[in-house]
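Below is one structure; the comments refer to it alone.
The values are calculated or read from the model by the stated rules, or taken from the named source; none is laboratory data. Keep in mind the model is a prediction, meaning the values are calculated, not measured. Note that we place each Cβ from the backbone using ideal geometry, even for glycine, and neighbour counts take in every protein chain shown.
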Amino acid sequence: MTAVGLDSGYVRHCKPDGKQDFEVVAGRAFRSDLGQRSIAFVRTVDDHANQRIKALLVPFATTADSMEVFTDGDNQLRQWQQSTLPGSKHILDWYHLRKRVSKLNRVVHSKETAHQLKHVDHDRLSELVEAIQWRLWHGRSCQAIRKLEIMQMVLGRPSVVDKEAVKLIRRLTKELLGYLHYNRDSLPNYGQRYRAGKRISSAFIESAVNQLIDKRMSKSQQMRWDPVSAHLLLQVRVRVVDGMLRDDFDRWYPGFPSNTATFSQIA
């Protein structure tokens, strides 16, 4: 089974006045017997993103129905998956899903929420939110969605609707519901997959983002970039990370000297 991951990160623009950070997309295809291949591009610069994603899979000589595609549920990444690899199976990354649920859980159990709500209302919300992650882990997404819908009804009562904590919980609940509805076809039984030794997260693409984007562009160095220049550099970084740059030079310049050249020892 070929695993394909798509993720994105943001890089600081070289012209900060009126220019926002721009998005870089990174991808990686992996199969245990063939190794990995990577891609990276600046979304606003590359007009051939679909073809680039398709080319990523050429070395694997695989069909879409034998692929699992992992993303964080981003709309554009899902659209690429659906248009470029329509027969593949999309799986929503467990880490990003759990992070959203955990954020809602923390707000519900916060001291501010407990202080603003009556015990009966707070206990009801706590009971509902605690059941959501367990149900999502065990593939019971319909039940999790139902719990969130009940939470919305509880939060809409006249006695609590104007509380500041309730406004925040309602917003997080609405966002999580929309996220689950949009990715409803991508919510497997995570616990079952985990016990079977199958992937449940896009950790392998997170490392690609770190290698291709963060290490050079956005973490310790905090460099600013022009989108076109960043896109061109990323094409080189991809070949370096995949160990293919040497082959490119051999193809461009026949007889290119080997990196294994030895030097005579000085007496």
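Of all residues in segment 108-131, those satisfying the criterion of being in contact (Cβ under 8 Å) with a residue 40 or more places away in the chain and buried (at least 18 other Cβ atoms within 10 Å of the Cβ) are V108, T113, L117, L125. Of the residues making up segment 40-54, those that are in contact with a strand residue (DSSP E or B) (Cβ under 8 Å, 6 or more places away or on another chain) and under 22 Å from T2 (Cβ atoms) number 5. On the given criteria, is G255 modelled with pLDDT under 85, surrounded by fewer than 15 Cβ atoms within 10 Å (Cβ to Cβ) and not in a helix (DSSP H, G or I)? In short, yes.
Checking Q79 against (1) in contact (Cβ under 8 Å) with a residue 24 or more places away in the chain; (2) loosely packed, with under 12 Cβ neighbours inside 10 Å, which test does it fail? Unmet for Q79, out of (1) in contact (Cβ under 8 Å) with a residue 24 or more places away in the chain; (2) loosely packed, with under 12 Cβ neighbours inside 10 Å: (1). The condition of being modelled with pLDDT under 90 and over 16 Å from the mean Cα position of the chain (by Cα) does not hold for V120. When you check K15 against the structure, is it in a loop (DSSP other than H, G, I, E, B), charged (D, E, K, R) and surrounded by fewer than 20 Cβ atoms within 10 Å (Cβ to Cβ), yes or no? Against the criterion (in a loop (DSSP other than H, G, I, E, B), charged (D, E, K, R) and surrounded by fewer than 20 Cβ atoms within 10 Å (Cβ to Cβ)), K15 qualifies. Looking for something of a type in the set (F, W, Y) and either at pLDDT 95 or above or surrounded by 15 or more Cβ atoms within 10 Å (Cβ to Cβ) (or both) - is there at least one such residue anywhere in segment 193-200? Yes, segment 193-200 contains a residue that is of a type in the set (F, W, Y) and either at pLDDT 95 or above or surrounded by 15 or more Cβ atoms within 10 Å (Cβ to Cβ) (or both). The set of residues from segment 75-100 being under 17 Å from F204 (Cβ atoms), in contact with an Asp or Glu (Cβ under 9 Å, 6 or more places away or on another chain) and either among the polar types (S, T, N, Q) or outside any helix (DSSP H, G or I) (or both) comprises S88, K89, H90, I91, L92, D93.
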